[in-house]
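Everything on this sheet refers to the single structure shown next.
The values are calculated or read from the model by the stated rules, or taken from the named source; none is laboratory data. Note that this is a predicted model, so its numbers are computed, not measured. As a convention, Cβ positions derive from the backbone with ideal geometry for all residues, glycine included, and neighbour counts pool all protein chains shown. To get the accessible areas, we keep the full protein, side chains included, count just its heavy atoms, and leave off ligands, DNA and RNA. Shrake-Rupley method; radii C 1.70, N 1.55, O 1.52, S 1.80 Å.
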Amino acid sequence: MPRTDYTSEVIAVRGKEIYQQQIRNKVEPKHKGKFLSVDIETGDYEIDTDDLSPTMRLLDKRPDAVVFSLRIGFQAAHRIGFKVSVPTQ
């Protein structure tokens, strides 16, 4: 596992900034719902339908990449919790 001196907060801020400034207009809405991973040091990014594949491709290219991931068009990559429906009679 690559070691980084970046805090998770710095990785998130830089990743979001790169996405908003350099990538967003290129990928939305065509790839909405897909997962994007970006190397915060180079700006390289990958997109796929699952959350692991784009990260693995970036790490194949550059094993010491510092990666931030997000779901295109959503505030969060995954949903936490569930909704229970009670049948009505």
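Surface listing: Thr42, Thr49 arranged by accessible area from highest to lowest gives Thr49, Thr42, probe 1.4 Å. Taking all protein chains together, Ile72, Ile11 sort by accessible area into Ile11, Ile72, largest first [probe 1.4 Å].
Label positions at Asp50 and Lys34, each projected 7 Å from the Cα along the C-beta direction, are separated by 1.6 nm. Across region 23-39, coupling constants 3J(HN,Hα) worked out from phi with the 6.51/-1.76/1.60 Karplus curve, θ = phi - 60°, read 10, 3, 5, 7, 10, 8, x, 4, 10, 4, x, 7, 9, 10, 10, 10, 7 Hz, and Gly and Pro carry x. Here the accessible area is traced with a 1.4 Å probe on the protein chains. For region 1-76, carbon and sulfur cover 49 percent of it. Taking amide hydrogens as placed 1.01 Å from N in the peptide plane, the amide H of Ala65 sits under 5 Å from that of no residue at least 5 positions away in sequence or on another chain.
For Lys16, the solvent-accessible surface computed with a 1.4 Å probe is close to 120 Å², ligands and nucleic acids excluded. Projected label points at Ala12 and Phe74, each 7 Å from Cα along the beta carbon direction, are separated by 1.7 nanometres.
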